[in-house]
Amino acid sequence: MDRQQYTILIVDDEENIRLLYREELEEEGYGIEAAASGEEALQMVPEIKPDLVVMDIKMPGISGVDTLIKIKEIDKNIPVILCSAYGDYKQDFSTWASDAYVVKAASLDELKKAIREVLEKRYPEK
Amino acid sequence: MDCRRKYEILSKIIEISSATSQINERLTQAAHFLCVNDLAPTVAFYLQQRRGRRLTLRIAADSAGSLQLPAPPYSHRLPSPDYPLCKPLTTLLPNPLDPELLNPDDLFMKQQPYGWSLPLADDSQAYGTMVLLGSTPFNIDNDTILFLLVICRQITIALRSSILKNRDRLKVRRLKFLHQIGAQLNAREDVQSVFSQLSDSALTLFSNSAAILNIFESEQFLPESIDQGFSDNEQRKLVLQASRHQASRAKFISKPLVIDQNNAQPSSTIYQNFFSQFCAHIILPLISQGRMVGTLEFFLTDKPRSRDLLPLEKEDLELLEILAVHLAATLERTRTQNQLSAANQTSILRTRQLTLSHQMKNALLAADTPDKIIRLTLGALVSDEGFTCSPALYLEFQEKDNSWHGLFYASAPGRAPNESEHQNESNHLDALTNRLLEASAQVPKQLQQEFKALKLVTFDTAPNRCRQAVNGKKPAMIPAEFVTVLHTKLRSLLPGKKVVVIPILSHEHPKGLILANADRISQEDLSYITLFTDAATLALDNTELYQRLQSSLASLNSAQLRLSQSEKLMALGEMATSIAHEIKNPLVSIAGFARRLHKKIPDQSREKTYSQIITKEIERLEEIVNNVLSFSRPQSNKFEPQDLNQLVAETAALFARELKKLEIDLEIQLTPDMAAVECDGNQMKQVLINLFNNSIQAISSKSTGNDHHISVRTSYYCDLKKQKEKALIEIEDNGKGIQEQFIHDIFNPFFTTKHDGTGLGLPICHRIILNHQGDIRIHNREGKGVMVSVSLPFNHKALAGPTALNILT
């Protein structure tokens, strides 16, 4: 899998998290774009047409779940991974529209694994 | 006969007849005087002795003096009003063969069949005849006849005055008698003494007699007899026979009944014997307010005076009737008085009983334990101030095997309570309670023990009335022999003739049975006992309610305590959750960048060690945050049938490496073929992980010993209380155990004895197990280890409402 073909849009209101994810994922070889809010993400999605969106749920302005629904309206084929400190939301059916749900943790291994799996599933030909 | 002589004779006769001596003596003197003066060889007077038609007294004399003659063997008829002034006896007694007029046995008349008869009569009444007799016929001239008539008139006057005097004397005697009776009747209260006085007086009035008083009780004619005045037993027997013979007749008479030889039934052998001793049987009905209250019977033995006439006159009978009326009134009065005083006494008794039962009820209601109530009830039953049913015993019903066990045995104290105790009202209730309790404890130890060993296996063989009492929930009286059927020993514990059976109920179900001696109580007392035992039952129910109230109050208090604690915990939990979330984001970036730094720092440098410390500490921090979040997270349970053995095995596998490293032996004993347990597999795993962690930490923090082991067992058992099968997991370690002082805190969130613990491990386990309607218990042996047992129902419906700890979320 050629990871440089994939552009991942990171949506999180925490600048440090955006920076951490960018560094970690660029190291993995993905192309990374970042947005600080749901509104910004919705502006960027039609322009950059990301292959995957990794998004926080609890953000000022539009929440992650609402943003997820709007992204799916723009292009229902863009996979979205929700990533939150709240483990509880995993069971919430409104988050089931996402392709994966990852609980934020000190180790990013789980997130990386989820990204790999979603991409392989979504773009098997690449 | 010349005038002068006639005058002398007449004046002498007047002198004789108006003398003060006895009339018989005067008549004898007169007869003698007439014979001496040659008026006739023999002069006789035939007199009516008592009122009637017959002349029964004969007095005669001749010139020699008085003739001692027996009473005539037959009776002369009293002269009729058209009786001639003077008739020769031959015309009166013409034919010696006439049996009616001349008795052949009368030797006196036989010897002197000739003579003259002159009437002794005045204008209003005839008294008898004067007869001049001789053995040869003799004539009297008209002058002499007239003279004799004057003499007769003179004698008649004497007779009349004598009779009037006699009658007056009798009248005075009767009046005196009546007066005496009246005074006695008024002075005496009780029938016996009235009767004895009365018959004494009556017996002085009618000499030689005996009396019986029969008193009829209520409507039944069961006479109560009082008798008096019998000289010997033979007479008494005769009298009683006669009285009994007439008893049936006596009930229906309304007038005095006089039975003498003339009107007794000839067939009656009783009276044949009777009349050999007595001359009359008089039955007086005692009637008061139209009701027959008794009879008064007199038996007269007035024999010598007359063979065929009653020694009674009409006035005497009237007098007796008056007597009967008085006696009847007295009887009635006595009876009424008796009834009144009985009613009065009963009402006093009832008042006392009511007061007492009221006080006892108060004592009962003040009692706080069922045992005390039962003992008070027994005390009240046996004590003299209560129902005097001593001894009494209580059998308790045991539902599990339908048997009855001896529990309490009570008998009355020997000592009567003294009055001062009664009057001390302030602590009267306590005193009463103590006395009653004392009464129920006054039994020899040996009897008490013997009784306590008593056990009635079945009640089916009990006497009918006993069973009815228990089934009908009402006290009943049975003959004492019946209790032997219940148990042979009972009879010796319950001497006496009658036994009262009192079922003791609690909420309409039999709780016990009181058996008590009932010799001294009536059917009416039984209803008081019923009232009283009802109060005891009520008190029993009350104590039970009270105890239930107490326990529910206690559990309410503890629930409130837990609630207030869990409210605090809830607030704390909410705060912790929001803090945990806020911490989580910075934590993620700190951890991320620390890792990145760690990668960039060359190995074996000091910075490498520092960054490693940072990473490790962040991991610890994250674990705390995760625990906090998982404790306060709402639980949504996914109950599915799970194989507990498999869950245990999987969890144990997770720890295999760590156990090996710490040199801890793990022993797993799984009960094969266990049914699946309906539970949330992930949560159950979490429980097992937490428990394993605790055991491992307890062992590794123990300083001494090197024989470390943990054992895990699965099994199942039957919960008797809930009658349900349950699965059981036990995890046992030989670690350091829990310090006793902390044992009550181990399920409290955030309580920990470890320097790096979160204090949420056991609380999470606790909550999960409670959500599964299970139970978790810690068996602590301080310094030696801990065994945790978790029991779970095999299947259950998910809880409808939240459990106490669910309020936390």
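The values are calculated or read from the model by the stated rules, or taken from the named source; none is laboratory data. Quick caveat, the model's predicted, so the values are computed rather than measured. All Cβ positions, even for glycine, are placed from backbone atoms using ideal geometry, and neighbour counts span all protein chains on display. Accessible surface areas use protein heavy atoms only, side chains included; no ligands, DNA or RNA. Shrake-Rupley method; radii C 1.70, N 1.55, O 1.52, S 1.80 Å.
A few remarks follow.
- Test: residue B:185 is modelled with pLDDT under 80 and surrounded by fewer than 17 Cβ atoms within 10 Å (Cβ to Cβ): no
- Search result, residues across the range A:60-73 that are on the phi < 0 side of the Ramachandran plot and surrounded by 12 or more Cβ atoms within 10 Å (Cβ to Cβ): A:62, A:63, A:64, A:65, A:66, A:67, A:68, A:69, A:70, A:71, A:72
- Meets criteria (more than 13 Å from chain B (Cβ to nearest Cβ) and either under 17 Å from residue B:588 (Cβ atoms) or of a type in the set (D, E, K, R) (or both)) for residue A:11: yes
- If you go through the range B:583-594 and pick out every residue that is exposed (fewer than 13 other Cβ atoms within 10 Å of the Cβ) and either more than 13 Å from every other protein chain (Cβ to nearest Cβ) or among the polar types (S, T, N, Q) (or both), you end up with 0.
- Unique residue being farther than 22 Å from residue B:374 by Cα, open to solvent by less than 70 Å² (accessible area, probe 1.4 Å) and not aliphatic (A, V, I, L, M) when the list is B:488, B:484: B:484
- Selection from the range A:27-36 of residues that are of a type in the set (Gly, Ala, Ser) and open to solvent by 30 Å² or more (accessible area, probe 1.4 Å): A:36
- Hits in the range B:676-722 (condition: acidic (Asp, Glu) and in contact (Cβ under 8 Å) with a residue 60 or more places away in the chain): B:678, B:680, B:719
- The lone exception for residue A:57 - which of (1) out of contact with any Ser or Thr (no Cβ under 6 Å at 6 or more places or on another chain); (2) within 19 Å of residue A:103 (Cα to Cα); (3) surrounded by 16 or more Cβ atoms within 10 Å (Cβ to Cβ) it fails: (1)
- Strands (runs of 3 or more DSSP E) contained entirely in the range B:595-687, each with at least 2 residues that are farther than 28 Å from residue B:708 by Cβ and open to solvent by 70 Å² or more (accessible area, probe 1.4 Å): B:640-642
- Evaluation of residue A:40 against (1) open to solvent by less than 60 Å² (accessible area, probe 1.4 Å); (2) charged (D, E, K, R); (3) in contact with a strand residue (DSSP E or B) (Cβ under 9 Å, 6 or more places away or on another chain); (4) at pLDDT 90 or above (one fails), failing number: (1)
Table: residues versus (1) within 20 Å of residue A:114 (Cα to Cα); (2) away from every other protein chain (no Cβ under 14 Å).
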position: A:25; (1), (2): yes, no
position: A:41; (1), (2): no, yes
position: A:46; (1), (2): no, yes
position: A:75; (1), (2): no, yes
position: A:80; (1), (2): yes, yes
position: A:86; (1), (2): yes, no
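- Some residue of the range A:104-111 being in contact (Cβ under 8 Å) with a residue 12 or more places away in the chain, over 11 Å from the mean Cα position of the chain (by Cα), closer than 23 Å to residue B:586 by Cβ and open to solvent by less than 40 Å² (accessible area, probe 1.4 Å): yes
- Just one of (1) under 60 Å from the mean Cα position of the chain (by Cα); (2) modelled with pLDDT under 85 fails for residue B:553. It is (2).
- Of the criteria (1) among the aliphatic types (A, V, I, L, M); (2) over 28 Å from residue B:393 (Cα atoms); (3) not in a helix (DSSP H, G or I), which one residue B:553 fails: (3)
- Qualifying residue in the range B:625-639 (condition: in contact (Cβ under 8 Å) with a residue 12 or more places away in the chain and more than 14 Å from every other protein chain (Cβ to nearest Cβ)): yes
- When the range B:554-578 is filtered for residues that are within 14 Å of another protein chain (Cβ to nearest Cβ) and open to solvent by 80 Å² or more (accessible area, probe 1.4 Å), only B:574 remains.
- Taking first residues from the range B:338-351 that are within 21 Å of residue B:387 (Cβ to Cβ) and partners that are open to solvent by less than 60 Å² (accessible area, probe 1.4 Å), the Cβ contacts under 9 Å between residues at least 6 apart in sequence or on separate chains come to B:350/B:528.
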